[in-house]
Amino acid sequence: METKPNTLIVNNIEVAIEGERNLLEVIRKAGIDLPTFCYHSELSIYGACRLCLVEIVGKGVTAACATAPRPGMVIKTETAQLRNMRKINIELLLANHKRECPSCVRSNSCNLQDIARRLGVNEIRYKQTETTLPIDDSSVSLVRDPNKCVLCGDCVRVCSELQSVGAIDFAFRGTKARVAPAFDKNLNEVECVNCGQCAAVCPTGAIVPKPDYDNVWADLNNPEKVVVAQIAPAVRVALGEYFNCPTGTNVEGQMISALRMMGFDYVYDTCFSADMTIFEEATELLDRIQNGGKLPMFTSCCPAWVKFAETYYPEMLPNLSSTRSPQQIFGAVARQTLPAKLGIKPENLVIVSIMPCVAKKFEAKLDKFKREGRPDVDHVVTTVGLAQMIKSMGINMMNLEPDSFDMPLGFSTGGGVIFGATGGVMEAALRYAVEKLEGKPLAKVDFKEVRGMDYLREATYNVAGKEVKIAVVHTLAAARKLIEKIKAGEVDYQFVEVMSCPGGCVAGGGQPINTTPGFRQQRAAGLYSADKSRRLQKSQDNFMVEKCYQENFGGHPGSHEAHEALHTRYQNRCQIFDARQNVLSGSAEKKLPICVTICTQQKDCNGQKLLSELVGFVKANGVAEMVDIDAAFSSRPQVEGTIGVTIGDLVLDMEDCSVETLGKSILDGIKAL
Ligand code: SF4
Ligand code: SF4
Ligand code: SF4
Ligand code: FES
């Protein structure tokens, strides 16, 4: 068959080569979905799984993902030999695999299961492996089961290439080869930032979000408890995929009905607290711009990004907005206001977050978000977890009549809704800040320059005679690159939005697995269309948030009360692993944990002096048996605004600490044990 220049033949069909980086992409463009495990268009090519094998006529069999397309090539994707080779590969993988499909959370969304079915694998001709490796469930966000790993390396490459973290890698050789955190440690012992992108690319059940639904069912079935849900923006445009809706369909109304059928007493919207986040964060930004505060200011709604900054850039922590994330603002507002509003005992209120994100599981468990030992958010369920709960009850969600959120914490504007897409927080903040700076209503609410999927977007606005420069980045590798440029003085901005997940929360680690091209854009489009259809699109127009400030938080954003309840502080996590040391261990059954951070680089580190003073204090006051005092070591100096000392749930900056102030907190903490 004669071909035109720059075309090739795939199964007798002529296909144009249009800049694709490999044969696999040309073949997929021709409408043939070759099976793959180890290919991701955004990652480097690994070429290990050998599933994408094709025949180049006259040349032989090759992996399509690792072969450049050339004009005139004649490709066959389906021959008896290719079919047999793929089948053998899958059978070998299955022989080394813990086959427990009925109880695996990835059943029905598992690439291995899907490909085995497609290839008609009815029996496995190889001997089943007998070794069982331990499951790592040390992380609060993820569970790793190496017995289900097919060694495709997708997780390793996403962690190092997209997130620039490198928390996991290949370990050992030959038949012992596996993927593991450094030195074969547990995931919670290495510098994992809990973003969950490894779970989002894993083709099997080898890395999955940690489930929390048993605890939720237990509370839903407890008649004494009043269980409320808050639902993050990105959930509504992804949940429908589990119920066969096109990608990006907004199923908000049906989802609310399903939650009511499951027994949730009240269903609220995290978009409410996203609006409140904008009140606080934009007020903080304006204050920094007008009063010479630390700039650029970085957003702080993504807990994986916050942990990344705490781990790799503690010197930049004063640049992070101190505003809590929408999840934690909701938790704080709900704990403070709902018991009285609903006429219930505070201890009976259970707050469940439905999130697209597994880093939120980590965030909800942080001590700094607890009051009197109880977390502001009790349980975090992912979008996929919710879908599984709905299915397990046999609810046919898409047949339900749509319902509405409960008020007042279910009221939101378009500004809160777009938080789920990369650029959304920036756009909502711009809608607020530009209007306040200009002192007149915005002529247009859309800031389209900040939308899109480029890893870095920049814009400059002239607002009331001032130049406001902003940047939006997603993925932590892009964030790292930008921070290095900021530190080198090559770029400068007033405000930077960072989201860890590619595309923002719409593609969070707790969302349904989706590998179709453009799925992030389609989910983001669902959010922007929800924004357009809202009567109010600016967070500052949320009158329920206004009322909430008047009744509970000092009347306006930035008030003392708002700072106490809606802001947070950060921790220098640049600690030397395994270098935490116990200095004093009391013998009482109940003890107060105390930890002081010491910098190994600073000879005059305040932490060293404080530590010995605290040990002296507890001994002098006869309470040494009631405390555990640890020293944590950091290789970087403590910076303003980061945690220097923790006493039980209390977290303190080093500069707020003296033995006098801490002594009182220690005695109070012991009394409350
Ligand atoms: S959660 Fe993120 S940081 Fe942790 S191992 Fe997975 S990809 Fe890496
Ligand atoms: S854990 Fe998953 S993504 Fe990582 S190598 Fe194994 S199968 Fe691939
Ligand atoms: S981008 Fe969103 S989903 Fe991803 S880790 Fe951050 S908050 Fe979670
Ligand atoms: S997808 Fe080509 S070798 Fe794995």
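The values are calculated or read from the model by the stated rules, or taken from the named source; none is laboratory data. The model shown is predicted, which means the values in this text are computed figures rather than measured ones. Cβ sites come from the backbone with ideal geometry, for glycine too, and all protein chains shown count toward neighbours. Calculation scope for accessible area: heavy atoms of the full protein, side chains included, ligands and nucleic acids excluded. Shrake-Rupley method; radii C 1.70, N 1.55, O 1.52, S 1.80 Å.
For region 124-152, what are the residues that are surrounded by fewer than 21 Cβ atoms within 10 Å (Cβ to Cβ), over 25 Å from Glu363 (Cβ atoms) and in contact (Cβ under 8 Å) with a residue 24 or more places away in the chain?
Ile124, Arg125, Tyr126, Lys127, Gln128, Thr129, Thr132, Leu133, Pro146, Asn147, Leu151
Name every residue in region 524-542 that is closer than 12 Å to Met453 by Cα and either buried (at least 21 other Cβ atoms within 10 Å of the Cβ) or touching a His at 6+ places or on another chain (Cβ under 7 Å) (or both), in order of residue number.
Residue satisfying the conditions is Ala524 alone.
Here's a check for you: in region 44-90, which residue that is of a type in the set (Val, Ile, Thr) and open to solvent by 20 Å² or more (accessible area, probe 1.4 Å) is nearest to Ala477 (Cα to Cα)?
Out of the qualifying residues, it is Ile45.
Against the definition (within 14 Å of ligand 3 (Cβ to nearest atom) and in contact with a helix residue (DSSP H, G or I) (Cβ under 8 Å, 6 or more places away or on another chain)), how does Phe369 come out, yes or no?
Judged against the criteria, Phe369 is not a match.
Given the residues Gln511, Gln521, which is the only one that is at pLDDT 95 or above, within 16 Å of ligand 3 (Cβ to nearest atom) and surrounded by fewer than 23 Cβ atoms within 10 Å (Cβ to Cβ)?
Of Gln511, Gln521, the one residue that is at pLDDT 95 or above, within 16 Å of ligand 3 (Cβ to nearest atom) and surrounded by fewer than 23 Cβ atoms within 10 Å (Cβ to Cβ) is Gln521.
Any idea which residue in region 114-138 is farthest from Thr515 (Cα to Cα), counting only those that are of a type in the set (Val, Ile, Thr) and in a loop (DSSP other than H, G, I, E, B)?
Within region 114-138, the subset of a type in the set (Val, Ile, Thr) is 115, 121, 124, 129, 131-132, 135.
This time we only want the ones that are in a loop (DSSP other than H, G, I, E, B), so: 121, 124, 129, 131-132, 135.
Details: Val121: 23, Ile124: 27, Thr129: 30, Thr131: 32, Thr132: 30, Ile135: 26 Å.
The qualifying residue farthest from Thr515 (Cα to Cα) is Thr131.
State which residue pairs qualify: first residue of a type in the set (Lys, Arg) and inside region 307-320, second residue outside any helix (DSSP H, G or I) in any location, beta carbons under 8 Å apart, and separation of 6 or more residues or different chains.
Qualifying pairs under 8 Å: Lys307/Val193; Lys307/Asn194; Lys307/Arg573.
One line per residue, one yes/no per condition, for (1) more than 16 Å from ligand 4 (Cβ to nearest atom); (2) among the β-branched types (Val, Ile, Thr); (3) at pLDDT 95 or above; (4) under 23 Å from Pro303 (Cα atoms):
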{"residue": "Thr204", "(1), (2), (3), (4)": "no, yes, no, no"}
{"residue": "Pro211", "(1), (2), (3), (4)": "yes, no, no, yes"}
{"residue": "Trp217", "(1), (2), (3), (4)": "yes, no, yes, no"}
{"residue": "Asn222", "(1), (2), (3), (4)": "yes, no, yes, no"}
{"residue": "Leu239", "(1), (2), (3), (4)": "yes, no, yes, yes"}
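Restricting to region 11-43, name every residue that is open to solvent by 50 Å² or more (accessible area, probe 1.4 Å) and either more than 17 Å from Pro517 (Cα to Cα) or near ligand 4 (Cβ under 6 Å from one of its atoms) (or both).
Scanning region 11-43 gives Asn11, Asn12, Ile13, Glu14.
Quick check, is Gly420 open to solvent by less than 10 Å² (accessible area, probe 1.4 Å), in contact (Cβ under 8 Å) with a residue 40 or more places away in the chain and under 18 Å from the mean Cα position of the chain (by Cα)? Quick ask: steps written out before the conclusion?
Numbers: open to solvent by less than 10 Å² (accessible area, probe 1.4 Å): yes; in contact (Cβ under 8 Å) with a residue 40 or more places away in the chain: yes; under 18 Å from the mean Cα position of the chain (by Cα): yes.
When the stated conditions are applied, Gly420 passes them.
So how many residues does region 474-498 have that are within 15 Å of Ala429 (Cα to Cα) and either open to solvent by less than 10 Å² (accessible area, probe 1.4 Å) or of a type in the set (A, V, I, L, M, F, W, C) (or both)?
Within region 474-498, residues that are within 15 Å of Ala429 (Cα to Cα) and either open to solvent by less than 10 Å² (accessible area, probe 1.4 Å) or of a type in the set (A, V, I, L, M, F, W, C) (or both) number 4.
So which of Ala359, Ala332 is of a type outside the set (Ser, Thr, Tyr), within 16 Å of ligand 1 (Cβ to nearest atom) and either in contact (Cβ under 8 Å) with a residue 40 or more places away in the chain or not assigned by TED's automatic domain parsing to the domain that holds Asp406 (or both)?
Unique residue meeting the criteria: Ala359.
Please go through (1) open to solvent by less than 80 Å² (accessible area, probe 1.4 Å); (2) part of a loop (DSSP other than H, G, I, E, B); (3) farther than 18 Å from Asn147 by Cβ for Asn108 and return the number of the only condition it doesn't satisfy.
Result: Asn108 passes all but (1).
Residues to consider are Lys485, Lys444; find the one that is more than 20 Å from Gly508 (Cβ to Cβ) and within 28 Å of the chain's Cα centre (by Cα).
Lys485
Please work out which one of (1) modelled with pLDDT of 95 or more; (2) surrounded by fewer than 16 Cβ atoms within 10 Å (Cβ to Cβ) is the condition Lys440 fails and give its number.
It is condition (1) that Lys440 fails.
Being among the hydrophobic types (A, V, I, L, M, F, W, C) and in contact with a Phe, Trp or Tyr (Cβ under 6 Å, 6 or more places away or on another chain) is the filter here; which residues of region 203-242 pass it?
Applying the first criterion (among the hydrophobic types (A, V, I, L, M, F, W, C)) to region 203-242 yields 206-208, 216-218, 220, 226-229, 231-232, 234-235, 237-239.
Within region 203-242, Val227, Val228, Ala229 qualify.
Filter region 627-673 down to the residues that are open to solvent by 40 Å² or more (accessible area, probe 1.4 Å) and in a loop (DSSP other than H, G, I, E, B), then identify the one that is modelled with the lowest pLDDT.
Ranking the candidates gives Glu640 first.
Before we move on, is Asn215 open to solvent by less than 60 Å² (accessible area, probe 1.4 Å) and either within 22 Å of Met389 (Cα to Cα) or of a type in the set (Phe, Trp, Tyr) (or both)?
For Asn215, the condition - open to solvent by less than 60 Å² (accessible area, probe 1.4 Å) and either within 22 Å of Met389 (Cα to Cα) or of a type in the set (Phe, Trp, Tyr) (or both) - is not met.
Can you name the helices (runs of 4 or more DSSP H) wholly within region 148-227 that have at least 1 residues being more than 16 Å from ligand 3 (Cβ to nearest atom)?
Of the helices (runs of 4 or more DSSP H) lying wholly inside region 148-227, those with at least 1 residues that are more than 16 Å from ligand 3 (Cβ to nearest atom) span 154-157, 213-220.
Within region 373-405, restricting attention to residues that are under 17 Å from Ile256 (Cβ atoms) and of a type in the set (S, T, N, Q), which residue is least open to solvent (accessible area, probe 1.4 Å)?
Residue satisfying both the conditions and the ranking: Thr383.
Looking only at region 335-346, which residues are of a type outside the set (A, V, I, L, M, F, W, C) and touching a residue at least 12 places away in the same chain (Cβ under 8 Å)? Steps first, please.
First pass over region 335-346, keeping only residues of a type outside the set (A, V, I, L, M, F, W, C): 335-337, 339, 341, 343, 345-346.
Within region 335-346, Arg335, Gln336, Thr337 qualify.
Could you list all residues from region 658-672 that are under 14 Å from Ala624 (Cα atoms) and in contact (Cβ under 8 Å) with a residue 12 or more places away in the chain?
Gly663, Ile666, Leu667, Gly669, Ile670
Would you mind stating whether Gly452 is within 15 Å of Ile278 (Cα to Cα) and either of a type in the set (S, T, N, Q) or assigned by TED's automatic domain parsing to the domain that holds Cys301 (or both)? Show your work before the answer.
On the way: within 15 Å of Ile278 (Cα to Cα): no; either of a type in the set (S, T, N, Q) or assigned by TED's automatic domain parsing to the domain that holds Cys301 (or both): yes.
Taking the combined requirement at face value, the residue does not satisfy it.
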